[in-house]
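Working notes for the structure below.
The values are calculated or read from the model by the stated rules, or taken from the named source; none is laboratory data. What you see is a predicted model, and the numbers here were worked out from it, not measured in a lab. Don't worry about glycine lacking a Cβ; one is built from the backbone with ideal geometry, like all the others, and counts go over all protein chains shown. Side chains are part of the model used for accessible areas, which takes the heavy atoms of the whole protein and leaves out ligands, DNA and RNA. Shrake-Rupley method; radii C 1.70, N 1.55, O 1.52, S 1.80 Å.
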Amino acid sequence: MSRMLLKGGRVIDPSSATPDLVRDIAVHDGRIAEPDAAAAYDQTLDLAGSVVMAGGIDLHTHIGGGKVNLARMLMAEDHRERGNPIALPANALELASCGGCAPGTLATGYRYVEMGYTAGFEPAMVPSNARHAHMEMGDVPVLDHGAYVMLGNDELFLQLLAEGGPEMRNFAQIRDYTAWTIHASKAMGVKVVNPAGISAFKFNQRKLDVDEKHVHWQVTPRQVVHSLARALKELGVPHPLHIHGSNLGVAGNIQSTLDTIAALEGLPAHLTHIQFHSYGTEGPKKFSSAALQLVEAVNANPQISIDVGQILFGQTVTASGDTMRQHANSGLANPRKWVGADIEGMAGCGVVPFRYREQSYVNALQWVIGLEIFLGVRNPWQVVLTTDHPNGAPFTSYPHLIRLLMDRSFRDEQLARLHPEVAANCALKSMTRELTLAEIAVMTRSAPARLLGLKDRGQLGIGAAADIAVYREDHNREDMFRTPSHVFKDGTLVARDGRITATPVGGTHFVEPGFDPIIEKTLRRHWQDHGAIHFDNVAISHDELCRCCNGGRLLPTACFEGSA
Ligand SMILES: [Zn+2]
Ligand SMILES: [Zn+2]
């Protein structure tokens with residue numbers, strides 16, 4: 001039994017009836033409890049002048065799986081960062097890992113926790129590589145984690161979709177296959193990347209619009225997106241389809257994005273790294289911001305949520321399942337090297353180093369577009385704060401991003417340093433909104449928890465997990481969010497003033513939707529003919545998941561009552 005009292009902090013908890021209130025919080029054996037004046041507490045912290053929030057949750061960050069490792073190998077020079085012991089404070093835990101834009105597993109955990117984050121979700125786990133992804137995430141200390149499994153470019157899915165025709169006569173099979181794949185890979189949801197496009201690339205197509213047919217399977221991205229979104233809805237998986245849309249990074253791709261929203265026909269979905277999908281073709285350079293069109297669509301569709309994938313300037317490495325688009329971008333690699341791969345005919349992968357520059361017209365506009373989206377969407381519950389780590393920037397730049405969103409004069413100063421044509425003409429320069437602490441709390445913990453169906457995380461209500469970040473009030477929001485004074489994970493102090501103090505093993509979030517086992521007949525045949533693993537060994541059991549994840553707790557999330 002341990003009891004702790006956090007006294008007199010300004011508690012920002014958007015899920016509660018009093019979202020912004022100075023009050024006490026009690027922690028009882030790792031859970032939030034009702035403060036009790038008569039109780040004897042083992043520890044009392046005076047938090048006057050501090051802001052208290054739930055631990056941060058990153059719902060889209062590349063922290064495990066094949067391409068993250070490829071990025072680490074490709075960016076060997078990145079591992080000199082923070083790798084020199086002389087430059088580091090004498091903290092043995094921190095010496096154990098390094099890397100800036102492609103950090104190792106240990107550094108990933110430490111850097112997140114030092115900023116007050118307590119959970120991260122890998123968005124692109126390939127089914128045949130799920131064990132590896134879980135092991136890698138299990139090696140990340142402290143953070144709870146989970147992953148979305150990639151579907152929609154795998155040969156079996158496209159074959160089933162083609163066989164069912166536009167009216168999807170075999171929809172039950174597609175739904176069962178989706179459920180089985182989530183189950184077998186112990187995923188938290190499904191991500192589709194460039195729907196049908198990764199596969200089309202292997203048939204020599206170099207682009208695929210939402211209503212364009214895959215030359216071999218004769219199906220369209222519209223069909224892929226709609227069938228997967230419907231399957232997840234019917235299965236009651238809390239996190240809706242996680243969509244990396246068509247034509248990532250292409251000028252004029254706002255049309256694909258709007259077409260994708262229309263293809264969903266009102267089904268819920270999460271559109272990820274939406275900044276990379278909000279480009280127009282106006283102006284002399286035929287590349288313009290379509291942020292306002294995107295914002296209008298999000299405001300009009302409350303069933304749609306987004307994360308931004310903000311870019312920030314400097315060196316990073318892009319790692320994506322989108323082989324088609326990464327192949328197209330490989331000419332821009334900086335430094336000049338890249339990796340492209342296929343993974344058992346199931347998905348793809350491309351890793352391209354990138355250096356975003358303030359004086360590049362395109363990069364400056366990308367920066368502006370991300371911020372215009374953050375500030376334009378009315379309901380913060382529809383927006384999650386991400387940089388699509390490491391694609392837009394490493395996650396360690398979140399405090400800087402938060403300051404840009406909360407401090408207009410700081411934002412205007414930064415804007416003035418950018419390519420002059422962008423700085424002079426963008427809509428951002430007249431946007432006056434400054435996000436509040438409560439809105440930042442929604443975008444960094446409450447909304448991601450709700451979008452994932454995590455009932456006892458991302459909030460500080462009675463009974464919730466005591467994942468807590470305590471920040472010292474500071475008008476410089478970057479300083480404030482960079483180094484919380486205290487970070488607790490399930491009630492254990494894991495960081496104090498930017499120093500790691502304990503490294504408990506994080507838990508694994510996953511869902512287990514039901515399916516008709518008859519689908520295994522089809523799957524067995526398919527894996528026998530095409531897979532490298534014997535079908536009987538594909539599915540990961542609970543025991544094995546626990547071993548993969550370093551003995552961390554299993555945190556299954558309940559599905560809703562399906563709507564089929
Ligand atoms: Zn993506
Ligand atoms: Zn991503």
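Would you please give the FRET efficiency between Arg499 and Asp42, computed as 1/(1 + (r/R0)^6) with r the Cβ-Cβ distance and R0 = 22 Å, to the nearest 0.05?
0.50
Answer with one residue from Leu454, Leu143, Ile373: the one whose Cα lies farthest towards the positive end of the charge dipole of the chain, charges on Cβ with Lys, Arg +1 and Asp, Glu -1.
Ile373
What size of dipole, in debye to the nearest 20, comes out for region 266-352 about its Cα centre when the only charges are +1 on Lys and Arg C-beta atoms and -1 on Asp and Glu C-beta atoms?
380 debye
Could I get the Rg over Rh figure for region 443-564? Both from C-alpha atoms, Rh via Kirkwood, rounded to two places.
Here Rg/Rh amounts to 1.11.
Work from the charge dipole of the chain (Cβ charges, +1 for Lys and Arg, -1 for Asp and Glu, about the Cα centre) and give the residue of Gln275, Gln43, Gly164 farthest towards its positive end.
Toward the positive end, the furthest listed residue is Gln275.
Is region 356-434 rounded, prolate or oblate when judged by the Cα gyration tensor, a ≥ b ≥ c being the square roots of its eigenvalues, rounded requiring a/c under 1.5 and prolate requiring a/b larger than b/c?
It is oblate, given that a/c is not under 1.5 and a/b is not larger than b/c.
Below 10 angstrom from the Cβ of Ala124, what's the summed charge of the other residues (Lys, Arg +1; Asp, Glu -1)?
0
Once you have the Kirkwood Rh of region 422-478 from its Cα pairs, apply Stokes-Einstein at 25 °C and 0.890 mPa s and quote D in µm²/s.
D = 175 µm²/s.
Trypsin sites (Lys or Arg not before Pro), restricted to region 495-564: which are DSSP loop and have at most 14 other Cβ atoms within 10 Å?
Listed in order of number, the matching sites are Arg553.
Amide H of Gly100: which non-local residues (sequence gap of 5 or more, or other chain) have their own amide H closer than 5 Å, using H built in the peptide plane?
Glu81
For region 53-500, what does the accessible surface come to per residue with a 1.4 Å probe? Please give it in Å².
In whole numbers, region 53-500 has 31 Å² accessible per residue.
When the accessible area of the chain is split by element with a 1.4 Å probe, what percent falls to carbon and sulfur?
Of the solvent-accessible surface of the chain, carbon and sulfur hold 52 percent.
Go through region 172-239 and name the trypsin sites (Lys or Arg not before Pro) that are in a DSSP coil and have 14 or fewer other Cβ atoms within 10 Å of their Cβ.
Those that pass, being in a loop and sparsely packed, are Arg206.
Please give the calculated 222 nm ellipticity per residue for the chain, where each DSSP H segment of at least 4 residues contributes -39500 (n - 2.57) and the sum is spread over every residue; nearest 500 deg cm²/dmol?
Here the helix-only value at 222 nm equals -9000 deg cm²/dmol.
Out of the GluC sites (Glu not before Pro) in region 101-178, which ones are loop residues according to DSSP with at most 16 other C-beta atoms within 10 Å?
Sites meeting the loop and neighbour criteria: Glu167.
Hey, any idea what Rg/Rh is for the chain, computing Rh the Kirkwood way over Cα pairs?
When Rh is taken as the Kirkwood radius, the ratio is 0.95.
Along the Cα→Cβ direction, 7 angstrom out, place labels at Gln293 and Arg80. What is the inter-label distance in nm?
Distance between the two pseudo-spin positions: 4.4 nm.
Along Cα→Cβ, 7 Å out, is where each label goes; now give me the distance between the ones at Lys285 and His327 in nm to one decimal.
For Lys285 paired with His327, the spin-label model returns 2.7 nm.
Within a Cβ distance under 14 Å of Gly309, other residues only, what is the Lys/Arg minus Asp/Glu net charge?
Cβ neighbours under 14 Å give a net charge of -3.
I'd like the accessible area for His216, computed on protein heavy atoms only with a 1.4 Å probe and all protein chains in place. Round to 10 Å², please.
The accessible area of His216 comes to roughly 100 Å².
Using 0.36 nm per residue, how much length does the chain from Ser2 to Glu155 gain when fully extended, once their Cα-Cα distance is taken away?
That pair, Ser2 and Glu155, stretches by 49.8 nm at full extension.
Based on the Kirkwood radius over alpha-carbon pairs, what is the Stokes-Einstein translational diffusion coefficient of region 288-336 at 4 °C with 1.567 mPa s viscosity, in µm²/s?
Once the numbers are plugged in, D ends up at 94 µm²/s.
Which of the DSSP-defined H helices in the chain satisfy a minimum axial length of 18 Å, computed from C-alpha atoms, and a minimum mean Kyte-Doolittle hydropathy of -1.0?
For the chain, where a helix must reach 18 Å along its axis and average at least -1.0, the hits are 171-185, 221-235, 361-376.
Extension gain Gln303-Val22, at 0.36 nm per residue separation less the Cα-Cα distance, in nm?
97.9 nm
Taking the Cα centre of the chain as the origin, how large is its charge dipole in debye, to the nearest 20, when only Lys and Arg (+1) and Asp and Glu (-1) carry charge on their Cβ atoms?
In total the dipole reaches around 880 debye.
Do you know the relative contact order of the chain, to the nearest whole percent, from alpha carbon pairs under 8 angstrom that are 6+ apart?
20 percent
So what's the net charge close to Ser246: Lys and Arg +1, Asp and Glu -1, counting the other residues with Cβ under 12 Å from its Cβ?
It works out to a net charge of -2.
Given R₀ = 51 Å, what would the calculated FRET efficiency be for Glu421 paired with Ala341, taking r from the Cβ atoms and rounding to 0.05?
E(calc), rounded to 0.05, equals 0.85.
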